[in-house]
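Novice: Submitted below is the structure of interest, expressed as structure tokens.
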Protein chains: 2
Amino acid sequence: MRETSLRRVYAPVVTPFKPNLEVDLLSFQEHCKWLVDQGAGLAIFGTNSEANSISPHERSQALRALLDAGINPKNIMVGSGTCSIPETVQLTREAVENHCEGALILPPYFYKNISDDGLYDYFARVIDAVGSDELRIYLYHIPQFTGVPITPGVVERLLKSYPKIIAGIKDSSGDWSNTEQFLSRFPGIDIFPSSEALLEKALPLGAAGCISATANVQPKAIASAIGAYGTTAYPQRQRTISAVRKVVQDYPMVGALKRIVAQRTGEKTWAAVRPPLTPLQDEPAGRLMRELAAAGFQGA
Amino acid sequence: MRETSLRRVYAPVVTPFKPNLEVDLLSFQEHCKWLVDQGAGLAIFGTNSEANSISPHERSQALRALLDAGINPKNIMVGSGTCSIPETVQLTREAVENHCEGALILPPYFYKNISDDGLYDYFARVIDAVGSDELRIYLYHIPQFTGVPITPGVVERLLKSYPKIIAGIKDSSGDWSNTEQFLSRFPGIDIFPSSEALLEKALPLGAAGCISATANVQPKAIASAIGAYGTTAYPQRQRTISAVRKVVQDYPMVGALKRIVAQRTGEKTWAAVRPPLTPLQDEPAGRLMRELAAAGFQGA
């Protein structure tokens, strides 16, 4: 259950790689510290983090690096969903043992045409195996990647069985009618749309904020728009963050975000992605920067 | 490159679980020994093995169990594809180090709309990282689950770069025109359709046999149909195996196969599956057995 009405923005943190494509832990620490300083929470190991291209072992090391850097685990939501129960349990347990704010869990995404019974049972077994009252789960609904929607029926059953553990939903479907349904049916938990452009429609209905890829590049602007909600300063701030979002989402997201971070930090290696993704090339990257400037993007 | 014209059948081996859903290594050894005795090769850790519901660590233990049971690694094709390069490299390397017949590799299946460049680069990096001339890769095309088709363009580029390493394709698309295209464009490698019912069309075009889920339950019948190809005994044998296949494929495949193995071995725990899959219930299982008997299924 939501214990606070604080609204917030999380960045699904992009993951930097060295030229040999190993995770660059130093750059990861620095980007995360910067995001927290700018007022964003960290949703590490999400889709735009290339989490599924990173092994569980590498994810453990990267989480450890953030804690070693002195980042408060209460600022960290850990993406811990894999296709298998044992791996999901291991990663979720790690989030709990390190007192992270929560675990953001994908449904198992290999099989298709999964029944509600099977999906409920998957989450229930993960929760039972982790076996901690401190566990807080955010369900990660992104059917265009997983092919496995987290249906309202499954959410309802999980909430009934585990009212304290099911803390929220990240709705990355991009389907507003679905987000609206989550907001109206589950007012007791945190519902996060996946784009700051949706805040305008979602905040009046009780959304908890957003978990948005583009929070990697405009965290402060999003946080200050959320902070101004209900005041006369809000509309203009919302317009600016929506305009920036609109520019970036026309590009392949991960490649584009990494190019923008590379520009901010001056570290060119930030542009690297792991296959099967491909980096954004120079020509579209140049166009992206020009369009961002025209949209009023300030650099953060 | 194919060095033999021997045609063969592989069973994508179903994986038994104990009541607590741990992998049941003893039952796994026994089922695999039985399959080999019946004339089938073992394609372990495929879709119908629930491989994606089993952690890499559990997969290593299960492979080790087969080798400990004295099964010739040349009878084993190891499913080693995950979404991440490090894990795929680790599992593939294990197959090579244990002198297995080959590695059956899924494309990374989380992201969608993957470019041919990105997919080629993924496989190339895996091959380069494993770094062994003994590596033999079978590409696993099953777009209805992965959302990432292995296109003829990618196969062509991989064959050009790694002519000795790319050994074949398992085409589980169920799209005959695609199988036909693979057979005609890549005559130098082993093309396996995913159903014994397709042997009739595929063998005349040079297919290497089949890797079929239902080989878990009728391995000998499939092997003897393949063995009789070109003789007067073939048509009747083909009709029988196709009829059995037709019955089973109307049921949820993994649940149905496990029920049939449970019946053969007398071990009821064989019926267990890992969530998000659900076991086949008693009523449809009873119907399945009656339909199988009517189709002439002999029990093996």
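The values are calculated or read from the model by the stated rules, or taken from the named source; none is laboratory data. Because the structure is predicted, anything quoted here is derived from the model rather than measured. Neighbour counts run over all protein chains shown; Cβ positions are idealised from the backbone, glycine included.
Novice: If A:PRO73 satisfies all but one of (1) more than 25 Å from B:ILE54 (Cα to Cα); (2) touching a strand residue (DSSP E or B) at 6+ places or on another chain (Cβ under 9 Å), what's the number of the condition it fails?
Specialist: With (1) more than 25 Å from B:ILE54 (Cα to Cα); (2) touching a strand residue (DSSP E or B) at 6+ places or on another chain (Cβ under 9 Å) applied to A:PRO73, the lone miss is (2).
Novice: Another question, if that's okay. State all residues of segment B:249-289 that are among the small types (Gly, Ala, Ser) and assigned to a helix (DSSP H, G or I); if no residue qualifies, say none. Walk me through how you get there before you give the answer.
Specialist: Just the residues of segment B:249-289 that are among the small types (Gly, Ala, Ser), to begin with: B:255-256, B:262, B:266, B:271-272, B:285-286.
Answer for segment B:249-289, where residues must be among the small types (Gly, Ala, Ser) and assigned to a helix (DSSP H, G or I): B:GLY255, B:ALA256, B:ALA262, B:ALA271, B:ALA285, B:GLY286.
Novice: Quick one: is A:THR269 more than 19 Å from A:LEU25 (Cβ to Cβ) and among the β-branched types (Val, Ile, Thr)? Don't jump to the end; show me each part of the working.
Specialist: On the way: more than 19 Å from A:LEU25 (Cβ to Cβ): no; among the β-branched types (Val, Ile, Thr): yes.
It is false that A:THR269 is more than 19 Å from A:LEU25 (Cβ to Cβ) and among the β-branched types (Val, Ile, Thr).
Novice: Give the residues of segment B:202-248 that are aliphatic (A, V, I, L, M), within 25 Å of B:GLY188 (Cα to Cα) and outside any helix (DSSP H, G or I), sorted by residue number.
Specialist: Correct list: B:ALA207, B:ALA208, B:ILE211, B:ALA228.
Novice: Can you tell me which residue among A:GLU156, A:GLU180, A:GLU196 is charged (D, E, K, R) and closer than 21 Å to A:MET77 by Cβ? First the steps, then the outcome.
Specialist: Values: A:GLU156 fails: closer than 21 Å to A:MET77 by Cβ; A:GLU180 fails: closer than 21 Å to A:MET77 by Cβ.
Criteria check complete, one pass: A:GLU196.
Novice: Moving on. What residue, of A:THR265, A:THR214, is buried (at least 24 other Cβ atoms within 10 Å of the Cβ), in contact (Cβ under 8 Å) with a residue 12 or more places away in the chain and of a type in the set (Val, Ile, Thr)?
Specialist: That would be A:THR214, the only listed residue that is buried (at least 24 other Cβ atoms within 10 Å of the Cβ), in contact (Cβ under 8 Å) with a residue 12 or more places away in the chain and of a type in the set (Val, Ile, Thr).
Novice: Still on this structure: Of all residues in segment A:25-40 being in contact (Cβ under 8 Å) with a residue 60 or more places away in the chain and surrounded by 22 or more Cβ atoms within 10 Å (Cβ to Cβ), which is farthest from the chain's Cα centre (by Cα)?
Specialist: A:HIS31
Novice: Considering only segment A:224-237, state which residues are out of contact with any Ser or Thr (no Cβ under 9 Å at 6 or more places or on another chain), on the phi < 0 side of the Ramachandran plot and surrounded by fewer than 21 Cβ atoms within 10 Å (Cβ to Cβ).
Specialist: A:SER224, A:GLY227, A:ALA228, A:TYR229, A:THR231, A:THR232, A:TYR234, A:PRO235, A:GLN236, listed by residue number.
Quick grid of which residues meet (1) in contact with a strand residue (DSSP E or B) (Cβ under 9 Å, 6 or more places away or on another chain); (2) among the hydrophobic types (A, V, I, L, M, F, W, C); (3) part of a helix (DSSP H, G or I):
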site: B:TYR10; (1), (2), (3): yes, no, no
site: B:ASN20; (1), (2), (3): no, no, no
site: B:GLN29; (1), (2), (3): no, no, yes
site: B:VAL36; (1), (2), (3): yes, yes, yes
site: B:GLU58; (1), (2), (3): yes, no, yes
site: B:LEU67; (1), (2), (3): yes, yes, yes
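Novice: In the set A:PHE182, A:PHE110, A:PHE186, which member is of a type in the set (Phe, Trp, Tyr), touching an Asp or Glu at 6+ places or on another chain (Cβ under 7 Å) and at pLDDT 95 or above?
Specialist: Answer to the selection: A:PHE182.
Novice: Then there's this: Going through A:GLY174, A:GLY153 one at a time, which residue ends up being under 19 Å from the mean Cα position of the chain (by Cα) and of a type outside the set (S, T, N, Q)?
Specialist: Result: A:GLY174 is the single residue among A:GLY174, A:GLY153 that is under 19 Å from the mean Cα position of the chain (by Cα) and of a type outside the set (S, T, N, Q).
Novice: When you go through (1) away from every other protein chain (no Cβ under 14 Å); (2) in contact with a Ser or Thr (Cβ under 7 Å, 6 or more places away or on another chain) one by one for B:ALA208, which number turns out not to apply?
Specialist: It is condition (2) that B:ALA208 fails.
Novice: Would segment B:139-162 turn up any residue that is within 24 Å of B:SER49 (Cα to Cα), among the hydroxyl-bearing types (Ser, Thr, Tyr) and more than 14 Å from chain A (Cβ to nearest Cβ)?
Specialist: The answer is no, given that none of the residues of segment B:139-162 is within 24 Å of B:SER49 (Cα to Cα), among the hydroxyl-bearing types (Ser, Thr, Tyr) and more than 14 Å from chain A (Cβ to nearest Cβ).
Novice: May I pose another question? Just to be sure, is B:ILE166 away from chain A (no Cβ under 14 Å) and either surrounded by fewer than 21 Cβ atoms within 10 Å (Cβ to Cβ) or under 26 Å from B:ALA207 (Cα atoms) (or both)?
Specialist: Yes, satisfied.
Novice: Where in segment B:129-191 are the helices (runs of 4 or more DSSP H), entirely inside, with at least 3 residues that are under 19 Å from B:LYS112 (Cβ atoms)?
Specialist: Where helices (runs of 4 or more DSSP H) fall fully within segment B:129-191 and carry at least 3 residues being under 19 Å from B:LYS112 (Cβ atoms), they are B:143-146.
Novice: Looking at (1) crowded, with 21+ Cβ neighbours inside 10 Å; (2) under 15 Å from B:LYS170 (Cα atoms); (3) away from chain A (no Cβ under 14 Å); (4) not hydroxyl-bearing (Ser, Thr, Tyr), which is the only condition B:GLY46 fails?
Specialist: Among (1) crowded, with 21+ Cβ neighbours inside 10 Å; (2) under 15 Å from B:LYS170 (Cα atoms); (3) away from chain A (no Cβ under 14 Å); (4) not hydroxyl-bearing (Ser, Thr, Tyr), the lone unmet condition for B:GLY46 is (3).
Novice: While we're on this one: Looking at segment B:176-193, which of its residues are touching a strand residue (DSSP E or B) at 6+ places or on another chain (Cβ under 7 Å) and polar (S, T, N, Q)?
Specialist: Listed by number, the residues that qualify are B:ASN178, B:THR179.
Novice: Next question, about the same structure. Go through segment B:88-110 and give me each residue that's at the interface with another protein chain (Cβ under 10 Å from one of its Cβ atoms) and buried (at least 24 other Cβ atoms within 10 Å of the Cβ).
Specialist: The first filter runs over segment B:88-110 and keeps only residues at the interface with another protein chain (Cβ under 10 Å from one of its Cβ atoms), leaving B:88-90, B:106-110.
Correct list: B:THR88, B:LEU106, B:PRO107, B:PRO108, B:TYR109, B:PHE110.
Novice: Okay, next question. Going through segment A:138-153 one residue at a time, which ones are over 24 Å from B:TYR109 (Cα atoms) and touching a Phe, Trp or Tyr at 6+ places or on another chain (Cβ under 8 Å)? Quick ask: steps written out before the conclusion?
Specialist: Let us first name the residues in segment A:138-153 that are over 24 Å from B:TYR109 (Cα atoms), namely A:152-153.
Hit for segment A:138-153 is A:PRO152, nothing else.
Novice: Moving on to the next point. For A:ALA62, which of the numbered conditions (1) within 15 Å of A:ALA11 (Cβ to Cβ); (2) touching a residue at least 60 places away in the same chain (Cβ under 8 Å); (3) within 14 Å of chain B (Cβ to nearest Cβ) fails to hold?
Specialist: (2)
For every residue, the table says whether it meets (1) surrounded by 24 or more Cβ atoms within 10 Å (Cβ to Cβ); (2) within 13 Å of chain A (Cβ to nearest Cβ).
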residue	(1), (2)
B:ARG7	no, no
B:GLU22	no, yes
B:SER53	yes, yes
B:MET77	yes, no
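Novice: Which condition does B:ASP116 not pass, out of (1) within 14 Å of chain A (Cβ to nearest Cβ); (2) in contact (Cβ under 8 Å) with a residue 24 or more places away in the chain; (3) surrounded by 21 or more Cβ atoms within 10 Å (Cβ to Cβ), if it passes all the others?
Specialist: With (1) within 14 Å of chain A (Cβ to nearest Cβ); (2) in contact (Cβ under 8 Å) with a residue 24 or more places away in the chain; (3) surrounded by 21 or more Cβ atoms within 10 Å (Cβ to Cβ) applied to B:ASP116, the lone miss is (3).
Novice: Next up: Select from segment A:276-287 the residues that are in contact (Cβ under 8 Å) with a residue 24 or more places away in the chain and surrounded by fewer than 22 Cβ atoms within 10 Å (Cβ to Cβ) and write down the one among them that is nearest to the other protein chains (Cβ to nearest Cβ).
Specialist: Here the answer is A:THR278.
Novice: Now for a different question. Which condition number does B:GLY81 fail, the rest of (1) within 14 Å of another protein chain (Cβ to nearest Cβ); (2) under 26 Å from B:LEU277 (Cβ atoms); (3) surrounded by fewer than 24 Cβ atoms within 10 Å (Cβ to Cβ) being met?
Specialist: Tallying (1) within 14 Å of another protein chain (Cβ to nearest Cβ); (2) under 26 Å from B:LEU277 (Cβ atoms); (3) surrounded by fewer than 24 Cβ atoms within 10 Å (Cβ to Cβ), B:GLY81 fails exactly one: (3).
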